[in-house]
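Inspection log for the structure reproduced underneath, given as structure tokens.
The values are calculated or read from the model by the stated rules, or taken from the named source; none is laboratory data. Just so you know, these numbers come straight off a predicted model, no measurement behind them. Because the Cβ atoms are built from the backbone with ideal geometry, glycine has one as well, and the counts that use them run over all protein chains shown.
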């Protein structure tokens, strides 16, 4: 089978543009997911059942339903309440953020609960309040343990962002589909898309391994 390099050359600027958008959407999704996930984790650890219940069901919903279904619900039902016309990039970021928050919340909860309770009690005996203990004692130690799972969540979001092509968000896979539609060739565009995703995920993996080793020595 002949391999048409001209297709890749013609669409390379679009692939690179899509890669930047993919990174941007994934980064925004994981950052917003971390902020929201921290509050959800703290809410789920509440000793009061009535406070804990909505956070538990939030996690159950977003972890128990397909991401594609969540994307359709947010893009076609939720986002029209806030903007018209709906921006597909905004829909992807919102979906990734809400979905990531459910997983990040469990990562935060496990990381926080892995810290020995004696450290919190010692900090309280020094006059720290709960917020100070969480900020200065618990979270810094828990964060080191959360680097690998948070990194894996970022890589997962990076790949899941490809679903944005279904609602015409111009990321990597969107341009791969556009090239297939123009040239009626499947091998070259989708192979290029796979190579770009592979480069991005491997780069993130090496970066996360470096960070993990760096924090392990501190």
Problem set entry | In the stretch 1-26, the residues that are without any contact (Cβ under 8 Å) to a residue 24 or more places away in the chain and closer than 17 Å to residue 96 by Cβ | 20, 24
Problem set entry | Qualifying helices (runs of 4 or more DSSP H) (wholly inside the stretch 121-218; at least 3 residues being over 23 Å from residue 14 (Cβ atoms)) | 130-133, 139-160, 187-216
Exercise. Given the conditions (1) touching a helix residue (DSSP H, G or I) at 6+ places or on another chain (Cβ under 8 Å); (2) exposed (fewer than 14 other Cβ atoms within 10 Å of the Cβ), and given that residue 135 satisfies all but one, which numbered condition is not satisfied?
Worked result: (1)
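Just checking, does the stretch 27-49 include any residue being surrounded by 15 or more Cβ atoms within 10 Å (Cβ to Cβ) and more than 21 Å from the chain's Cα centre (by Cα)?
yes
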For this session: Would you check if there is a residue in the stretch 161-181 being modelled with pLDDT of 90 or more and loosely packed, with under 14 Cβ neighbours inside 10 Å?
Result: yes
For this session: Look through the stretch 112-129, keep the residues that are touching a helix residue (DSSP H, G or I) at 6+ places or on another chain (Cβ under 8 Å) and within 28 Å of residue 30 (Cβ to Cβ), and return whichever of them is surrounded by the most Cβ atoms within 10 Å (Cβ to Cβ).
Result: 112
Seminar exercise, completed: Filtering the stretch 133-161 down to residues that are in contact (Cβ under 8 Å) with a residue 60 or more places away in the chain and closer than 22 Å to residue 95 by Cα yields 150, 151, 153, 154, 157, 158, 160, 161
For this session: Mind listing whichever residues of the stretch 68-83 are in contact with a helix residue (DSSP H, G or I) (Cβ under 6 Å, 6 or more places away or on another chain) and surrounded by fewer than 18 Cβ atoms within 10 Å (Cβ to Cβ)?
Result: 68
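Exposed (fewer than 13 other Cβ atoms within 10 Å of the Cβ) and closer than 30 Å to residue 186 by Cβ: does that describe residue 86?
The answer is no for residue 86.
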